[in-house]
1. Of the residues 83, 88, 37, 45, which is touching a strand residue (DSSP E or B) at 6+ places or on another chain (Cβ under 8 Å), surrounded by 14 or more Cβ atoms within 10 Å (Cβ to Cβ) and not in a strand (DSSP E or B)?
2. Which of the residues spanning the range 258-273 are part of a helix (DSSP H, G or I) and surrounded by fewer than 21 Cβ atoms within 10 Å (Cβ to Cβ)?
3. Determine which member of the set 191, 280, 242 is in a helix (DSSP H, G or I), surrounded by 14 or more Cβ atoms within 10 Å (Cβ to Cβ), free of Cβ contacts under 8 Å to residues at least 60 places away in the same chain and under 16 Å from the mean Cα position of the chain (by Cα).
4. Report whether or not residue 168 is within 18 Å of residue 79 (Cα to Cα), modelled with pLDDT of 95 or more and either in contact with a helix residue (DSSP H, G or I) (Cβ under 7 Å, 6 or more places away or on another chain) or crowded, with 19+ Cβ neighbours inside 10 Å (or both).
5. So is residue 223 in a helix (DSSP H, G or I), surrounded by 14 or more Cβ atoms within 10 Å (Cβ to Cβ) and out of contact with any helix residue (DSSP H, G or I) (no Cβ under 6 Å at 6 or more places or on another chain) or not?
6. Please indicate, with yes or no, whether at least one residue in the range 145-152 is closer than 30 Å to residue 233 by Cβ, surrounded by fewer than 22 Cβ atoms within 10 Å (Cβ to Cβ) and either touching a strand residue (DSSP E or B) at 6+ places or on another chain (Cβ under 7 Å) or touching a residue at least 60 places away in the same chain (Cβ under 8 Å) (or both).
7. So residue 144 fits all but one of (1) modelled with pLDDT of 95 or more; (2) farther than 18 Å from residue 267 by Cβ; what number is the exception?
8. Of (1) surrounded by 15 or more Cβ atoms within 10 Å (Cβ to Cβ); (2) within 16 Å of the chain's Cα centre (by Cα); (3) without any contact (Cβ under 8 Å) to a residue 60 or more places away in the chain, residue 205 satisfies all except one. Which?
């Protein structure tokens with residue numbers, strides 16, 4: 001069902017780079033308890049709307065299905081009951097939408113990646129849309145703390161006739177809380193296949209050696225909150241022009257481009273609150289553009 005990749009980070013201990021404390025050095029060598037959580041949820045179109053056709057969940061991950069409105073779509077809310085992700089944890093998520101299913105998937109709260117002693121946490125997300133399905137992957141932000149270590153991989157499979165919107169956003173230290181990232185390891189990669197063929201691949205990597213350089217103008221400059229959004233669907237050219245108009249209206253920095261059969265949107269802001277407002281505005285306008293469906297701001301974002 002899932003592919004689990006095991007790999008040890010080559011980075012130094014996250015305690016105090018170069019000078020780990022005696023107790024922390026011993027802990028780093030110990031076989032600490034790690035969380036391994038998983039969710040698989042599949043949706044299918046039915047006469048009365050969208051129904052759940054398959055569900056699997058493994059602690060500490062869980063999923064809820066709030067009653068959002070009377071429209072013919074579902075909203076699924078993923079919950080990490082452990083309250084965050086620590087070094088060595090593994091989370092595996094698979095979402096499948098088939099037939100005429102219309103579904104939005106989000107998270108209960110921001111995901112927090114905590115300081116790690118040795119191994120990086122691993123998050124694998126697989127999304128698949130088939131038939132005439134409409135699928136929106138709209139999690140809340142991922143907050144990375146100083147000396148956190150995480151490798152996140154997002155794999156998406158879509159087919160002709162489907163419509164998909166996928167979002168991931170990173171907050172590299174909350175400026176509102178005075179947080180600063182001095183070191184750690186963040187790898188964020190995307191792979192998107194259209195009708196079985198690789199259409200787009202992308203990756204972001206920041207390590208202990210890179211974090212001190214991130215504020216340079218050629219890299220992230222002052223942006224601490226960054227988002228990548230992917231759109232696949234019909235009328236790509238006209239949608240592209242409209243998405244560029246929406247992006248230009250935001251107070252955040254935004255760039256929109258077409259890569260093959262998909263549209264890639266990048267949004268960045270200095271503060272996470274600014275990025276949140278920008279994404280809400282973007283999704284509000286996108287929902288109006290695409291019509292009734294799962295592509296607006298998830299209800300859980302307002303809870």
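The values are calculated or read from the model by the stated rules, or taken from the named source; none is laboratory data. As the structure is a prediction and not an experimental result, all values here were calculated from the model. Positions of Cβ are generated from backbone atoms using ideal geometry, with glycine treated the same way; all protein chains shown enter the neighbour counts.
1. 88
2. 273 - this is the single residue of the range 258-273 that is part of a helix (DSSP H, G or I) and surrounded by fewer than 21 Cβ atoms within 10 Å (Cβ to Cβ).
3. After applying the criteria, what remains is 280.
4. yes
5. no
6. Within the range 145-152 (the criterion being closer than 30 Å to residue 233 by Cβ, surrounded by fewer than 22 Cβ atoms within 10 Å (Cβ to Cβ) and either touching a strand residue (DSSP E or B) at 6+ places or on another chain (Cβ under 7 Å) or touching a residue at least 60 places away in the same chain (Cβ under 8 Å) (or both)), the answer is yes, since at least one residue qualifies.
7. The single condition residue 144 does not satisfy is (2).
8. (1)
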